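Okay, structure first, notes after.
The values are calculated or read from the model by the stated rules, or taken from the named source; none is laboratory data. On a predicted model such as this, the values are computed, not experimentally measured, just so you know. With ideal geometry, Cβ positions are generated from the backbone for all residues, glycine too; neighbour counts draw on all protein chains shown.
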Amino acid sequence: MAQLTNLVQGKFLTGVSSVVGDTRRKYEDRAKFIEIRTAKGLDLVVAIIADGVGSADNGGLAAQLSIDSVVNYITGTEETDIALLITNAIKYANFVVYRDVLTRDVDASTTLTVGVIYKERFYVGNVGDSRAYWIQEGGKVIQLTRDHSYYNLKGGDPKSPQAETLVNAIGIQKEVFADVGLYVKETDMKQAAKIGAQGLPLKVGDTILLCSDGLIKDDLKGERFVREEEIVHSIQTEVQPNAAALKMTGLAEGRYVDDNVSVITIQYTTPDRVENVLAKQNRKLRVQKLVYVGLGVLVLAGIVVGAIMANNNRKSEQQLADLRNQPTQTGVFFTPQATPTPTAQVIVAAEFVQALSMGGYDTGVYSEYSYGGVDNPTWGDLDPGSTSELIVPGTEKKANLRVNTNRNVGAMFSLGSKHLGGESLGNNQLYVYGDSSLTLKNDQGITDITLTQGAVYINLVGPSEITHIKMPSHGDVSAELIGGELLLELKPDTVTMWCLREQCSLNYGNEYKRLSAPEVRVYKIGEGVLLDGEQIIPPGERYDEYYLWNLKCNHCLPFEKIYTPTPTSIIGTPTPTLAPGETRNTPTRTATAIPPTRTPTTPPPTWTPTTIPSNTPTATTLVTTIPTETQTTPPTTPPTTPPPLDTPTPVTPVSPIEDPRPIPTTETPKPPGDD
């Protein structure tokens with residue numbers, strides 16, 4: 001019998017896979033599957049796909065920010081109407097992303113598709129052209145969402161160049177059209193809204209598929225990178241967690257898809273069905289093995305017969321040669337050659353962490369630390385009731401840990417990275433310095449660290465790897481790293497960040513600062529001030545401090561990137577002696593003013609959740625309109641989340657700013673094209 005631990009709520013087999021695809025592109029997709037219990041006690045199965053767009057890393061950041069916002073909103077809401085819950089979660093995500101876009105003055109937006117299963121019914125909210133599909137047991141595939149293209153929402157010529165242009169996305173305007181319709185039978189928004197408000201009833205054998213457009217794009221021949229029948233076959237034959245999703249993204253990558261590809265699958269099944277599929281696969285494997293064994297026997301028999309005949313021929317030829325001539329025997333000496341033994345790189349599986357070594361720098365030297373001493377670093381699961389244990393180098397654990405190091409003893413770890421193109425790029429590196437305390441989670445290429453004291457060094461191996469660091473003991477300060485390296489140190493009154501590769505970001509209070517490598521910034525907690533950036537250039541205090549950090553972790557830092565100081569000779573041209581009353585002409589240095597950082601003047605929006613009257617059984621008003629610059633009337637009882645807009649939220653680097661403009665009178669918003 002299949003283990004129920006592989007099935008969410010004992011009935012859903014789930015899978016998540018998100019890949020870069022075309023390695024020339026930035027990784028801007030995000031995918032997340034999560035079980036959430038809301039503040040009202042609803043147990044929800046939630047799947048979210050976001051496909052970001054923007055310069056630099058802004059598209060990926062917008063996608064991640066929107067997913068984090070949706071999760072936080074759903075977790076804290078007391079709403080019990082699922083369609084309304086999804087609508088308000090999407091609107092809150094738009095509020096957070098749009099505010100970030102205005103505050104940092106960047107170009108960034110993202111699609112967002114949110115799927116929720118509650119009591120065997122599927123609900124969906126969509127913005128953009130990421131999709132949700134309903135795949136029935138018989139193999140029929142039905143698209144449940146509608147792409148928010150120019151033609152679909154505004155009409156016109158379906159063959160025009162702008163027909164497929166997106167006109168609705170997260171982060172492009174103050175209000176967003178959250179489409180919670182289920183387009184099962186027709187394309188009429190009102191009818192789809194009624195079905196969406198009720199939810200799609202699921203039965204055993206059904207599968208829900210969420211994907212970014214990279215999965216269903218056409219290649220140069222006009223065929224999909226992953227065809228419909230291949231999607232169905234993946235779902236019907238793969239019954240291990242993540243297997244179906246991994247197969248689909250693998251097919252797309254193998255055909256050189258020109259985009260990121262993200263897939264989430266939720267298969268409604270039973271343990272017996274899983275066992276039946278596995279049994280069929282085992283029978284097929286046994287038949288194949290028998291065939292291979294039979295072929296192997298035939299081949300082996302042929303080889304044996306051929307070898308016997310060849311051996312007889314060699315004996316006959318040798319006998320004739322011996323009779324013709326008896327050559328002088330010459331000894332042959334063989335000089336043994338040393339064959340190097342390759343050292344295989346240990347690749348840590350995604351979502352796992354491996355302890356590599358322990359040690360520290362003290363009294364002028366770095367020393368490895370033997371297991372079992374009083375200062376041995378410890379780790380333990382985050383699960384309630386679990387106890388900490390001594391770290392043993394070479395052991396692995398699920399990356400859901402708390403880690404503590406003592407005094408001068410630090411610990412080096414390898415973190416599993418997300419696979420690209422079916423192969424791992426290697427391991428992310430983490431060094432936790434002595435006297436540090438943190439928690440660690442790693443999921444789908446995103447590492448979440450909560451650092452309460454001490455210092456850590458992080459080296460991310462791939463450009464799509466992301467690390468979020470929260471510092472709860474230091475107020476609302478947090479840091480983020482995408483595909484780079486950083487060193488972070490906490491002291492009672494300061495946070496010091498060393499950005500060593502790529503770009504790093506530091507969030508504090510109402511500010512969001514981007515650091516460029518190699519740069520050091522210090523944030524003073526009590527004063528709420530971020531000091532000017534400093535360079536790691538010898539000679540100087542920062543260089544000496546960096547050198548010491550490098551010794552403490554046994555040269556784990558990218559020290560070769562730091563310039564080696566060049567001694568300055570004291571022998572040179574002598575300074576001429578001045579005659580009495582003579583002065584030397586010395587050019588005057590003129591300071592160049594540094595232009596101030598540009599602050600966007602456009603105020604961010606004031607987010608207001610939408611409500612549905614209790615006596616209205618449908619969600620028509622939620623999906624048949626696309627909000628313009630007008631704002632809807634606030635609900636009688638607003639959801640308990642998000643937090644008050646004057647309080648920073650953990651999902652965005654800046655706190656909200658109140659819109660000074662008066663609230664206009666309520667009007668019925670119109671969808672694009674109804675102007």
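Points worth noting:
- Residues that are among the polar types (S, T, N, Q), part of a strand (DSSP E or B) and touching a residue at least 60 places away in the same chain (Cβ under 8 Å) within the stretch 435-457 comprise just one, N442.
- One residue from T467, T452 being within 29 Å of E396 (Cβ to Cβ), touching a Leu at 6+ places or on another chain (Cβ under 6 Å) and either of a type in the set (G, A, S) or not assigned by TED's automatic domain parsing to the domain that holds Q64 (or both): T467
- Scanning the stretch 198-218 for residues that are more than 23 Å from T110 (Cα to Cα) and of a type outside the set (S, T, Y) yields Q198, G199, L200, P201, L202, K203, V204, G205, D206.
- Scanning the stretch 218-245 for residues that are in contact with a strand residue (DSSP E or B) (Cβ under 7 Å, 6 or more places away or on another chain) and either within 14 Å of T14 (Cα to Cα) or free of Cβ contacts under 8 Å to residues at least 60 places away in the same chain (or both) returns D218, R224, I235, V239, P241, N242, A243, A244, A245.
- Residues within the stretch 246-257 that are in contact with a helix residue (DSSP H, G or I) (Cβ under 8 Å, 6 or more places away or on another chain) and touching a residue at least 40 places away in the same chain (Cβ under 8 Å), tallied: 4
- Residue in the stretch 15-22 that is among the hydroxyl-bearing types (S, T, Y), in a strand (DSSP E or B) and crowded, with 21+ Cβ neighbours inside 10 Å present: yes
Conditions tested, residue by residue: (1) out of contact with any strand residue (DSSP E or B) (no Cβ under 9 Å at 6 or more places or on another chain); (2) at pLDDT below 90; (3) of a type in the set (V, I, T); (4) buried (at least 17 other Cβ atoms within 10 Å of the Cβ).
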| site | (1), (2), (3), (4) |
| --- | --- |
| V456 | no, no, yes, yes |
| I466 | no, yes, yes, yes |
| P472 | no, yes, no, no |
| G475 | no, yes, no, no |
| E480 | no, yes, no, yes |
| L487 | no, no, no, yes |
| L506 | no, yes, no, yes |
| G540 | no, yes, no, no |
| C553 | no, no, no, yes |
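Okay, residues lined up against (1) under 24 Å from S149 (Cβ atoms); (2) in contact with a Leu (Cβ under 7 Å, 6 or more places away or on another chain); (3) of a type in the set (D, E, K, R):
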residue	(1), (2), (3)
G181	yes, no, no
A192	yes, yes, no
L210	yes, no, no
D219	yes, no, yes
G250	no, no, no
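- Test for D57: is it in contact with an Asp or Glu (Cβ under 9 Å, 6 or more places away or on another chain), crowded, with 21+ Cβ neighbours inside 10 Å and acidic (D, E): yes
This table checks each residue for (1) at pLDDT below 90; (2) in contact with a Ser or Thr (Cβ under 6 Å, 6 or more places away or on another chain); (3) of a type in the set (D, E, K, R); (4) crowded, with 17+ Cβ neighbours inside 10 Å.
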position	(1), (2), (3), (4)
Q337	yes, no, no, no
P342	yes, no, no, no
A349	yes, no, no, no
D383	yes, no, yes, no
G394	no, no, no, no
A399	yes, no, no, yes
V403	no, no, no, yes
R407	yes, no, yes, no
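- All strands (runs of 3 or more DSSP E) inside the stretch 76-170 with 1 or more residues being farther than 13 Å from S66 by Cβ and not aromatic (F, W, Y): 112-118, 121-127, 131-135, 141-143
- Of the criteria (1) outside any loop (DSSP other than H, G, I, E, B); (2) farther than 21 Å from G60 by Cα; (3) under 31 Å from the mean Cα position of the chain (by Cα); (4) of a type outside the set (K, R), which one A193 fails: (3)
- Output for the stretch 183-200, where each listed residue is buried (at least 24 other Cβ atoms within 10 Å of the Cβ) and either in contact with a Lys or Arg (Cβ under 9 Å, 6 or more places away or on another chain) or of a type in the set (D, E) (or both): A192
- The listed residues are I117, I82, I86, I67, and the only one of them that is in the same structural domain as F177 (by TED's automatic domain parsing) and without any contact (Cβ under 8 Å) to a residue 60 or more places away in the chain turns out to be I67.
- Residue within the stretch 373-391 that is within 20 Å of V346 (Cα to Cα) and either aliphatic (A, V, I, L, M) or not in a strand (DSSP E or B) (or both) present: yes
- Enumeration of residues in the stretch 96-112 that are over 24 Å from S262 (Cα atoms) and touching a Lys or Arg at 6+ places or on another chain (Cβ under 9 Å): R104, D105
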